[in-house]
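Have a look at the structure below, then the notes.
The values are calculated or read from the model by the stated rules, or taken from the named source; none is laboratory data. Just so we're clear, the structure is a prediction, and the values are computed from it rather than from any experiment. Here Cβ is always computed from backbone atoms with ideal geometry, including for glycine, and neighbour counts include all displayed protein chains. Remember, those area values only see protein heavy atoms, side chains included, never the ligands or the DNA or RNA. Shrake-Rupley method; radii C 1.70, N 1.55, O 1.52, S 1.80 Å.
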Amino acid sequence: MDFFVPLDLREPINQAVDSLVVRYGDRLHVLNDLILQGLLLPLERALRGAPPWVILLVVALLAWRATRRWQVALPLTVACYLIGCFGLWDALMQTLALVLVATVLAVVAGLPLGIVAAHSRRLRAVVLPVLDVMQTLPTFVYLIPAVMLFGLGKVPAILATVVYAICPLVRLTDLGLRQVDPDVQEAAHSFGTTRWQMLLGVQLPLAWPSILAGVNQTVMMALSMVVVASMIGARGLGEEVLAGIQTLDVGRGLQAGLAIVLLAVAIDRITQGFGRVRRPIRDEERRS
Amino acid sequence: MSARIELRHVSKVYGDDPHRALTLLAQGADKHQVLADTGSHVGLYDVSLSIPAGGIYAIMGLSGSGKSTLVRHINRLIDPSAGQVLVDGEDVLGFSAARLRDLRRRRISMVFQHFGLLPHRTVLENVAFGRRVRGESRRNAQAAAQGWLARVGLSGHERDYPDHLSGGMRQRVGLARALASDTDILLMDEPFSALDPLLRDDLQSQLLTLQAELGKTIVFITHDVEEAFRLGQRIALLRDGRLVQEGEPAAVRAAPVDDYVARFVARVSGADVPRSTGSAPG
Amino acid sequence: MQRSTCSTLFALALALSAGAAAATTSPWCQSGKPVKVAGLNWESGELLTELVATVLEQGYGCRVERVPSNTITIENALAQNDIQLVAEEWVGRSEIWNKAAAAGKVKAVGNVIVGATEGWYVPEYVVKGEKTRKIRPAAPQLQAVSDLPKYKQLFRDNEEPDKGRFLNCPSGWTCEGVNSQKLKAYGLTDSYVNFRPGSGAALDAAVASAYQRGQPVLFYYWSPTALMGKYRFIQLTEPAYNEACFKTLTDRNQAKPCGSAAPEAVIQAGVSRVFHDADPVLIDFLGKFNVPLPLLNAALAGMANNPGSAAVQSRRFFATRPDIWRAWVPDDVAQRIAARNTGK
Ligand SMILES: Nc1ncnc2c1ncn2[C@@H]1O[C@H](COP(=O)(O)OP(=O)(O)OP(=O)(O)O)[C@@H](O)[C@H]1O
Ligand SMILES: [Mg+2]
């Protein structure tokens, strides 16, 4: 007798995936089309169609609004301009659209999850471990089933990105909500707030810095997925990197990699900036 | 004077198994024994009180004696483990969620030791909060808030954020916020404890004036015996979650029921603080 | 003193006994150097690599290191003798190989697979329909690549809905460049998206998923492969092979390539020149190394149903088909392999 009891998950899993593909594949492909036509393509068309200087202007204004400092806003704009100089403007816009849509979907799904986790200990005990698994599972493991179910291209890439990048948002939303000063919540409660009034008027605004930190991390993780996403045919900067590596064109790969870094820095500074503009909770408020 | 608020045999045990703790207490165990035996904290045990309408009712006791626990039963921020809580003759424990919200929105408001102001809203928005919560338009709520801010002497600070204010100013915001709800009952949990003595004196006077003018029923929590005697038309003393003595200040001073009360009272009897620093209640 | 004499004698004896077996000893492996073998990542490549490595290890006592990478990297490494052996080389298909071969840096040996195919495929049901799944033929007239512009809506790319989608090889594969040139040559660049799936696994997944759902899909593929064994595809006809035209297809920089089917595939073992010259014994083995196509397809289908098991299929092959592999090597080597593959 072997010490290890033979256990084979491969066949059942393969069969499950196959039957999912046969039974729901067409419907999921329709969902794919919906996300594409309803969300990604319009955004991508707008970004790719707009004159680059308009986009650069928007970047500059956003960066300025977020940081209130031209010393930050200007270099960020120049960084984006530089990506254009590399001849990667179009790829940049595709990647940007991908990351933005992934982030929006992650927020739409992650914020409620975080709220649920913050309000119910039992649900938190379910949600957080599941997220841990999603974050640690090697991405390629669910990339390929995603291709089977949703087809090749940007949508499965976005969905895989959401799966991977949603984690910090849920965590930081949960944390931020649970760290809201109980004294303040009690006071609001004493005035007869409903759950919604409490959530929208007190808890979410006070957890805002934490939530934005989560959004920031989610965007960063989405960006880090760009290259992996290109392995299932998502075009953009990631494809450049992948092609560069696979054709031994180190220069091409590095240049596109640098573009991703520049984009990451720009998005990071801007989202962080917005996190800071909001009024922080001062500690004197809670001395006791 | 009819009883506006009544507590009947209210007990509160913090812990998993309040019934066991209550049984022990009924057998004569004290708070510390219960904690040792069950790991549960006793907040209150078998407290019965009747708070008359109009006037300031002061509740005092040492730290941990259950004052905050008691006052939070009145608007049900805390549910009792046993007993009844009546407001205007109605048992609030039987209230639906909607009625309870209504109670908090229109009949009882509260001031907190640590202010509990919303740090992300301006002073004006904070004061208007209670009215906004109950659905009034922003314009109406803020107009009313403006009036109350003026009443507590904070005109001109409408657009400030709470953490730009001094402690005394913040508590005035807290007071204005509670007053802006136009409730008949005002709960105040050590509202002035975090303030320095001069400010406290000032605010006490202001409170007496306000009470005289508005005739509200105020439940005032304090661990400061001088404050209790100065403000309270009646006084209740808590110790380890039990009500020790209750009555008019003069009566309590004249006949303390035990050493604990006597030691408290001794601190004021010499100074004989006049109750009429502000305008006397009418 | 005594001691050293003794050990000298012992060493001499060893050398003598080694000399006796000289005819079937690999000089390269004898010198202690490992044979670095390209770890090919497609099915047939995986299996063939496993077979070659088994013979080298068990038959010739070599130390084999598998170096996983993609074809372009592998061909570069082979030219520089960073690796010594590629078990499945589609000779003449890439610029890198052609240049290295012209410069004498690499050599192709033997006929590893005979009768392999490659080209542009659609599932059979697209043209003929399929009764069992009640699929109607969506393009009964579709036969040749020249028909494709008419069918761009059938193979619609949902990311660029006014074009069709052609599933190319992932970038980094030699075929990716050839297919990109073919799109130009066949005038399809305006009607089709040159979609690079990013990885072989993604390409397989996309094709398999489409097939299981009975949906149309247009893709590049080749045999021997598991997918070819498992599903029924139809190859689109291309202009006949023309050497001059095919040259324009293998060169990415040709702006105006002309169409041509792939030449008949010459699949050989690729070795570095250094290795080729240093080890006639192993080159002799590689010269005889060949797996008949039907057997290969069967083995690949077995692998597909039992993923990741090139090693399993290889073991089964050595245990059950001595009739084939004994022809590759001298008797004494065959004995050693047999000794390791009988019993359990
Ligand atoms: N949430 C809680 N969980 C467990 N025990 C509690 C809780 N709140 C209060 N207690 C306990 O109940 C008892 C009464 O507490 P309470 O806060 O009512 O006292 P207090 O008189 O208001 O004291 P202080 O003057 O310090 O505010 C204390 O022993 C305290 O430890
Ligand atoms: Mg207290």
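What to note about this one:
- Test result for B:T222, touching a residue at least 60 places away in the same chain (Cβ under 8 Å) and within 16 Å of ligand 1 (Cβ to nearest atom): yes
- Scanning segment B:175-193 for residues that are crowded, with 18+ Cβ neighbours inside 10 Å and within 16 Å of ligand 1 (Cβ to nearest atom), we see that the one that is farthest from B:F115 (Cα to Cα) is B:L187.
- Count of segment B:163-199 residues which are more than 16 Å from ligand 2 (Cβ to nearest atom), closer than 18 Å to B:V219 by Cβ and charged (D, E, K, R): 3
- Lone qualifier among B:R76, B:R121, B:R72, B:R107 - being away from ligand 2 (no atom under 16 Å from the Cβ) and within 9 Å of chain A (Cβ to nearest Cβ): B:R121
- Enumeration of residues in segment A:97-143 that are away from every other protein chain (no Cβ under 14 Å), within 27 Å of A:V227 (Cβ to Cβ), among the β-branched types (V, I, T) and without any contact (Cβ under 8 Å) to a residue 40 or more places away in the chain: A:V108, A:V130, A:V133, A:T136
- Of all residues in segment A:222-236 being buried (at least 22 other Cβ atoms within 10 Å of the Cβ) and away from chain C (no Cβ under 14 Å), the one that is nearest to the chain's Cα centre (by Cα): A:A222
- Residues located in segment B:5-32, provided they are surrounded by fewer than 15 Cβ atoms within 10 Å (Cβ to Cβ), part of a helix (DSSP H, G or I) and more than 12 Å from ligand 1 (Cβ to nearest atom): B:H19, B:T23, B:A26
- When every residue of segment A:32-47 is checked against the conditions, at least one turns out to be open to solvent by 60 Å² or more (accessible area, probe 1.4 Å), more than 28 Å from A:I144 (Cβ to Cβ) and either more than 22 Å from the chain's Cα centre (by Cα) or within 13 Å of chain C (Cβ to nearest Cβ) (or both).
- A residue that is assigned to a helix (DSSP H, G or I), in contact (Cβ under 8 Å) with a residue 40 or more places away in the chain and open to solvent by 20 Å² or more (accessible area, probe 1.4 Å) can be found somewhere in segment B:121-134.
Yes/no per residue for (1) away from every other protein chain (no Cβ under 14 Å); (2) open to solvent by 10 Å² or more (accessible area, probe 1.4 Å); (3) under 28 Å from C:N194 (Cβ atoms); (4) within 22 Å of the chain's Cα centre (by Cα):
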position	(1), (2), (3), (4)
C:Y125	yes, no, yes, no
C:L142	yes, no, yes, no
C:P149	yes, yes, yes, no
C:Q153	yes, yes, yes, no
C:K163	no, yes, yes, no
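- Among (1) over 30 Å from C:A100 (Cβ atoms); (2) open to solvent by less than 50 Å² (accessible area, probe 1.4 Å) - the single one C:A298 does not satisfy: (2)
- Members of segment B:41-68 found to be in a loop (DSSP other than H, G, I, E, B) and more than 8 Å from ligand 1 (Cβ to nearest atom), listed by number: B:A53, B:G54
- The strands (runs of 3 or more DSSP E) falling completely within segment C:187-239 that include 3 or more residues that are crowded, with 19+ Cβ neighbours inside 10 Å and within 14 Å of chain A (Cβ to nearest Cβ) map to C:218-223.
- Neighbours by Cβ (under 8 Å, 6+ apart or cross-chain): first from segment A:181-210, facing chain B (nearest Cβ under 8 Å) and more than 17 Å from B:F115 (Cβ to Cβ); second among the acidic types (D, E) and buried (at least 18 other Cβ atoms within 10 Å of the Cβ): none
Residue-wise test of (1) in a loop (DSSP other than H, G, I, E, B); (2) more than 20 Å from the chain's Cα centre (by Cα).
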site	(1), (2)
C:A261	yes, no
C:G270	no, no
C:D277	no, yes
C:A299	no, no
C:V312	no, no
C:Q335	no, yes
C:A339	no, yes
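- Just one of the listed residues (B:V85, B:V71) is within 16 Å of ligand 1 (Cβ to nearest atom), assigned to a strand (DSSP E or B) and on the phi < 0 side of the Ramachandran plot, namely B:V85.
- Filtered by the rule that a residue be modelled with pLDDT under 85, among the charged types (D, E, K, R) and open to solvent by 30 Å² or more (accessible area, probe 1.4 Å), segment A:250-288 gives A:R276, A:R278, A:R279, A:R282, A:D283, A:E284, A:R286, A:R287.
- Taking segment B:33-57 as the range and being over 29 Å from B:I185 (Cβ atoms), in contact (Cβ under 8 Å) with a residue 12 or more places away in the chain and surrounded by fewer than 19 Cβ atoms within 10 Å (Cβ to Cβ) as the test, the residues that pass are B:D37, B:G39.
- Residue list for segment B:100-118, restricted to those being away from ligand 1 (no atom under 16 Å from the Cβ) and open to solvent by less than 10 Å² (accessible area, probe 1.4 Å): B:L103, B:I108, B:S109, B:L117, B:L118
- Against the list (1) modelled with pLDDT of 90 or more; (2) closer than 30 Å to C:G187 by Cα; (3) in contact with a Leu (Cβ under 9 Å, 6 or more places away or on another chain), the condition C:A262 fails is (1).
- Candidates B:G83, B:G55 - the one that is closer than 16 Å to B:M110 by Cα and away from ligand 2 (no atom under 16 Å from the Cβ): B:G55
- C:W328 being buried (at least 18 other Cβ atoms within 10 Å of the Cβ), touching a residue at least 40 places away in the same chain (Cβ under 8 Å), closer than 20 Å to C:V86 by Cα and touching a Lys or Arg at 6+ places or on another chain (Cβ under 7 Å): yes
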